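The values are calculated or read from the model by the stated rules, or taken from the named source; none is laboratory data. Note that the structure is predicted; figures quoted are calculated from it, not measured. No Cβ is skipped: glycine too gets one built from the backbone with ideal geometry, and neighbour counts run over all protein chains shown. For the accessible areas, the whole protein counts, side chains as well, though only heavy atoms, and no ligand, DNA or RNA atoms are used. Shrake-Rupley method; radii C 1.70, N 1.55, O 1.52, S 1.80 Å.
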Amino acid sequence: MINIVIFGAPGSGKGTQSEKIVEKYGFAHISTGDVLRSEIKKGTELGKLANDYISKGQLIPDSLMTDILASVYDSLRGTSKGCIFDGFPRTIPQAESLNTLLAERGEAVSAMIELDVPEEELVTRLVERGKTSGRADDNEETIKKRLGVYHAQTSPLIEWFDAQGKRYAIDGLGAMERIFEDICSVIDKL
Ligand code: ATP
Ligand code: MG
């Protein structure tokens, strides 16, 4: 299977570009943010717990997040020739767990595609999204916290994937179609 990690700061366009990849390649799409938001909507115990973290702009604990990821991955595996990981891994321990989880299933990460977007553009996009998203974390105060968490806990993954020779950085600023073409040229070479 082609296993692609779509990577970037909050608001970098991971969800938007993932949908386009799904449409063109028919890959399965795991968005950890969407999984958690659906649990919140259903009012499950997991949803209640997740909401405590998300509304504060914090990450859900690694071990819980990894368990969720493994169960979603196993439910989707075999349904398509590729899988997009959107929003996972977000920490180095999560990346290590992903490697183990995939290796145990005879799989590996094929590529990490990084959407590179300047900070001021991220804030603009998220504030704009907040006007209609209804998301508890799309307000200016929480956005600042999420970006802080991204820099502290998630951005070290750029070098981590780079060291494995799996990182492909793409300019995430500009026309959505151009960004998508750049992504396709990475996928088509895998
Ligand atoms: P984007 O706008 O690029 O899609 P995002 O940061 O807005 O990214 P989601 O990926 O939807 O949003 O995640 C929303 C929240 O869900 C995170 O801020 C975090 O609290 C929680 N979350 C999602 N994935 C993880 C993860 N892998 N580990 C821990 N918490 C996570
Ligand atoms: Mg998203």
message = Considering all alpha-carbon pairs of the chain, what whole percent are spaced by more than 29 angstrom?
response = 17 percent
ask   = How long, wide and thick is the range 130-190, going by the Cα atoms along their three principal axes, in whole angstroms, largest first?
value = 39, 28, 16
query = Given just the C-alpha atoms of the range 71-161, how large is their convex hull per residue in cubic angstrom?
reply = 132 Å³
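Student exercise: in the range 1-159, how many lysine pairs 8 or more apart or on different chains have Cα atoms under 18 Å apart?
8
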Distribution of pairwise C-alpha distances over the range 1-47, 10 Å bins, in % = 23, 44, 30, 3
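What's the local net charge at residue 86, with K and R +1, D and E -1, over the other residues with C-beta under 13 Å away?
Numbers: positive: 14, 20, 37, 90; negative: 19, 34, 114.
That sum, taken over residues with Cβ under 13 Å, equals +1.
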note = Order by accessible surface, 1.4 Å probe, largest leading, for residues 53, 25, 168, 73 comes to 168, 53, 25, 73
query = Counting Lys and Arg as +1 and Asp and Glu as -1, what is the net charge of the other residues whose Cβ lies under 13 Å from the Cβ of residue 110?
reply = +2
remark   = Rounded to the nearest 10 Å², the accessible area of residue 124 using a 1.4 Å probe with every protein chain kept is 90 Å²
request  = Using DSSP to define loop residues, name the trypsin sites (Lys or Arg not before Pro) in the range 86-190 whose beta-carbon has at most 11 other beta-carbon atoms within 10 Å.
outcome  = 189
message = Using 0.36 nm times the number of residues separating residue 158 and residue 99, minus their current alpha carbon distance, what extension gain do you get?
response = 19.7 nm
Inter-label distance, nm, simple model (7 Å from Cα along the C-beta direction), residue 38/residue 76 = 1.0 nm
